[in-house]
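The values are calculated or read from the model by the stated rules, or taken from the named source; none is laboratory data. Because the structure is predicted, anything quoted here is derived from the model rather than measured. Positions of Cβ are backbone-derived with ideal geometry, glycine not excepted, and every protein chain shown enters the neighbour counts. Side chains are part of the model used for accessible areas, which takes the heavy atoms of the whole protein and leaves out ligands, DNA and RNA. Shrake-Rupley method; radii C 1.70, N 1.55, O 1.52, S 1.80 Å.
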Amino acid sequence: MEVLVDGAAALPAMVEAMLGAESHVWLAGWYFSPEFRMGPHGPALAEFLADLARRVDVRVLMWAGSPLPLFHPDRSQGRQVCERMTRGTQVRFALDSLERPLHCHHEKLVIVDGRVGFVGGIDLTAYSGDRYDDSGHEARPGVGWHDAAVRVEGPAVTDVADHYRLRWHEVTGETLPQPAPAATAGDVELQVVRTVPEHVYDALPRGDFRILESYVRALRSAQRLIYLENQFLWSPEIVAILAEKLRRPPRDDFRLLAVLPTKANSGQDDTRGQLGVLAEADGGAGRFLACCVYQRGGDRPVYVHAKIGIVDDRWLTLGSANLNEHSLFNDTEMNIVSHDPALARSTRLRLWTEHLERDDVDGDPAQVIDSLWRPLAEEQLARLEAESPLTHRLVRLPHVSRRARRLLGPLEGLLVDG
């Protein structure tokens with residue numbers, strides 16, 4: 001299991017793996033852009049897959065799009081992508097419309113020969129933001145983008161492929177061949193977990209909600225540190241656990257740290273409202289901090305699209321699932337979970353090095369948060385509010401304090417998101 005932080009690390013690794021394919025390449029995603037380039041000088045996606053399909057089986061499984069043109073991408077956009085990706089090629093393309101109303105298929109998967117799999121948050125599209133960015137997040141004309149994926153080998157790839165085979169059969173009626181079971185490839189203990197809503201696929205009438213289960217178990221057991229990177233933080237079930245941890249911390253040095261977008265594509269008031277819930281639960285004890293990220297040398301935010309959870313440097317999850325009701329109950333999602341302490345800790349330190357822009361981040365987590373994260377984020381927020389140039393990327397994310405706004409997270413989580 002290899003953690004790939006930001007598009008500059010993940011996209012070339014995907015290209016390399018697909019170029020080495022001997023039998024097949026299977027992709028699943030929320031949306032694909034035919035013209036999307038797999039790196040600053042990389043190939044356009046449609047041309048790249050067309051070339052691959054001349055020698056191996058290439059299949060693309062994409063959400064069909066919203067049935068209502070009020071929401072995008074919609075069904076017509078999905079059909080256009082399908083036509084552009086298949087015209088004059090041997091690429092097999094399927095549109096999955098077996099979603100719950102107002103929900104989608106959100107997972108992002110690449111499977112090569114049943115031997116290598118990529119699971120994460122990175123869509124192969126420029127829709128609403130170019131996914132290619134590096135960990136320096138230098139100022140650029142487009143939207144800065146922070147994301148992550150994992151590259152896995154071994155038996156877990158068989159689980160990823162079996163899930164893909166299930167979805168392909170449900171959508172097309174075609175049964176894909178069962179790849180040979182992948183041999184053990186390392187010593188990392190990991191598990192493939194997913195969200196599949198009930199009554200969507202005939203083969204899973206009761207659904208599968210192990211992403212929620214794994215988060216709940218890990219967060220409830222946390223003793224010292226919960227570190228979250230996510231596009232959203234407005235699941236009432238998750239926030240209730242976090243709030244209880246803050247009200248009754250298991251230790252004096254317990255900390256909850258979250259990195260979120262400055263403004264999510266949707267549900268912005270929900271996230272800010274839930275941050276108010278958590279701030280109130282903290283009661284000024286200083287155990288909770290939420291931050292956002294800006295481009296280096298500019299005043300434009302970096303969109304945090306990563307979906308990462310780390311607990312006590314012993315539990316790590318990374319995948320496509322946001323911390324909202326869509327991802328935990330209503331969309332199809334896939335995450336990888338590992339209980340490897342060395343991997344969890346090294347991943348956290350890589351992320352903290354990126355966000356703090358310094359290498360000396362391997363001390364006691366509570367001390368690093370109190371002495372480095374909080375002062376830096378507060379200082380940059382003050383500069384932002386004073387309309388002064390930022391000197392670092394990390395900025396504290398303000399929450400809301402008015403009770404009416406704090407209620408929006410739980411309320412819209414029930415009425416809008418599930």
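Points to keep in mind about this one:
- Scanning region 1-25 for residues that are in a strand (DSSP E or B) and closer than 23 Å to Ser338 by Cβ gives Glu2, Val3, Leu4, Val5.
- Any hit, region 358-371, residues being under 20 Å from Gly121 (Cβ atoms), open to solvent by 30 Å² or more (accessible area, probe 1.4 Å) and more than 17 Å from the chain's Cα centre (by Cα): no
- Check on Arg224, open to solvent by 10 Å² or more (accessible area, probe 1.4 Å), under 22 Å from Val3 (Cβ atoms) and in contact with a Pro (Cβ under 8 Å, 6 or more places away or on another chain): yes
- Close pairs from region 39-55: first without any contact (Cβ under 8 Å) to a residue 60 or more places away in the chain, partner open to solvent by less than 80 Å² (accessible area, probe 1.4 Å) and in a loop (DSSP other than H, G, I, E, B), Cβ under 6 Å, at least 6 apart: Ala46/Pro34; Leu49/Val91; Ala50/Thr89; Ala53/Thr89; Ala53/Val91
- Each residue in region 140-171 was checked for being out of contact with any Gly (no Cβ under 7 Å at 6 or more places or on another chain), over 15 Å from Ala182 (Cβ atoms) and either β-branched (Val, Ile, Thr) or open to solvent by 50 Å² or more (accessible area, probe 1.4 Å) (or both), and 4 pass.
- Residue within region 181-199 that is under 15 Å from His106 (Cα atoms), in a loop (DSSP other than H, G, I, E, B) and under 21 Å from the mean Cα position of the chain (by Cα) present: yes
- Region 1-28: number of residues that are open to solvent by 10 Å² or more (accessible area, probe 1.4 Å) and out of contact with any strand residue (DSSP E or B) (no Cβ under 8 Å at 6 or more places or on another chain): 7
- Within region 383-402, the set of residues being surrounded by 12 or more Cβ atoms within 10 Å (Cβ to Cβ) and part of a helix (DSSP H, G or I) comprises Arg383, Leu384.
- Taking every residue in region 328-349 that is within 13 Å of Leu318 (Cβ to Cβ) and pairing it with any residue that is part of a helix (DSSP H, G or I), at least 6 positions away or on another chain, the pairs with Cβ-Cβ distances below 6 Å are Glu333/Ile211; Glu333/Ser327; Asn335/Ile211; Val337/Ser214.
- Only one entry in Glu47, Glu22, Glu16 is acidic (Asp, Glu) and touching a Lys or Arg at 6+ places or on another chain (Cβ under 9 Å), namely Glu22.
- Note on region 82-103: residues that are within 23 Å of the chain's Cα centre (by Cα) and surrounded by 21 or more Cβ atoms within 10 Å (Cβ to Cβ) total 1.
- Complete set of residues in region 70-81 that are within 22 Å of the chain's Cα centre (by Cα) and assigned to a loop (DSSP other than H, G, I, E, B): Phe71, His72, Pro73
- With respect to (1) open to solvent by 40 Å² or more (accessible area, probe 1.4 Å); (2) in contact with a strand residue (DSSP E or B) (Cβ under 9 Å, 6 or more places away or on another chain); (3) modelled with pLDDT of 95 or more, the lone exception for Tyr31 is condition (1).
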